[in-house]
Structures are given as structure tokens and as C-alpha cells.
Protein chains: 2
Amino acid sequence: MDSSAENPLVGFARRLREIRLERGLSQEQLASLAGLDRTYVSGCETGRRNATIRTICRLSDALGVDPAALVSDLNQLPLEADQDP
Amino acid sequence: MDSSAENPLVGFARRLREIRLERGLSQEQLASLAGLDRTYVSGCETGRRNATIRTICRLSDALGVDPAALVSDLNQLPLEADQDP
């Protein structure tokens, strides 16, 4: 499990960016709506930040989606990666 | 938003405990399956721990559920709480 520990963050990053762009928001606008720093949002979107429940809820609130939308299927990413031995 | 910042953790705590009990697992068994400390799982189930994406994924993996199951609707808890002025 340790070797795939980075993957959920990459999946989250992709999801966050996708939904933010669908909403037509800049990272700065999303950060402002969520009460977070722009560099933090940027860090989430590059898979560097391991966001907490509170932050996931702030971001999903700001995006107008259920928190589940940001984390659904994240466990499947490591499994896909594991298919290459 | 700050005043409701605790609520997502309480919702997460409830959800985690509920699914763990459905699986017939003790906190110790879940901790062992997820590669976490039992006191950390206990902290999550009492709303004291603000788990990260990686931890949410470890827990959901161990429980055999999608990570979304642990965080869906968490944003609605603050809204309900806000109905009492």
C-alpha cells in the first residue's frame, strides 16, 4: 500500500482541477471562496497536498458539489497502477 | 464556515464507526487492516482527528468501500446545524 500512497493525491488533484474548470473558476477564485490560500489550492491540484476532511469539505462547498465527488473511486487508481507488475 | 468546521469530522466519525460495525470489525482490526494505529482510528471515530485523503483511502480500502462512502453528504451537516440560529 505504501508504494501506491501517492496515487490518491494525483486522482484528487485531477478531480479538483476538472470540477474547478467546469465551474469556470481560477485557482485564486476557488481559494477565496473556500477560505484557503491560492498556493494551497495549487498544491492540491498538483498532488503535493494531502488535504484533510475539513479542506475537502471547504473545497467541495466552494465548488457546489458533494465532498464525495472529489474522492470517489480514488482507491481504484492504485489498483490500475498495480496491473503493471 | 469556521463555526461549522468541526461538523464534518463528526459526520465522518459516525460514518466510519457505522461501516466498521457493519463489517463486524473492532477498531483494532480496522487499524491493523488499514496500517494505522488503533488510537488514530479511535480519534477518527470520536471526531477528534481530521483525516487526510491518504488516510480516508486506507480506511475505505480496509472497509471495502469507496472513499466517497466516508465523506458523502458531510457538507449537509453544517447546514442542518445552522438551522438553529
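Please average, across the residues of A:37-50, the number of beta carbons from any other chain that are within 10 Å of each residue's own beta carbon, and give a whole number.
1
How much of the pair distance distribution for the range A:2-80 lies past 22 Å, counting alpha-carbon pairs only, in percent?
The calculated P(r) of the range A:2-80 puts 15 percent of pairs beyond 22 Å.
Counting only other chains, what is the mean number of Cβ atoms within 10 angstrom of the Cβ of each residue in peptide B:57-63?
For this peptide, the per-residue mean of nearby foreign Cβ atoms is 4.
Measure off 7 Å from each Cα along the Cα-to-Cβ vector at B:S42 and A:V10, then give the distance between these two points in nanometres to one decimal.
Result: 3.7 nm between the two label points.
Could you pull the copy-to-copy label distances for B:R14, with points set 7 Å along Cα to Cβ, in nm to one decimal and sorted shortest first?
Result for B:R14, in nm, nearest copy first: 3.3.
Can you give me the relative contact order of the range A:2-80 as a percent, contacts being Cα pairs under 8 Å and 6 or more apart?
41
Only the coordinates and a few stated rules stand behind these numbers; no lab work does. Source: prediction; values computed, not measured. Neighbour counts run over all protein chains shown; Cβ positions are idealised from the backbone, glycine included.
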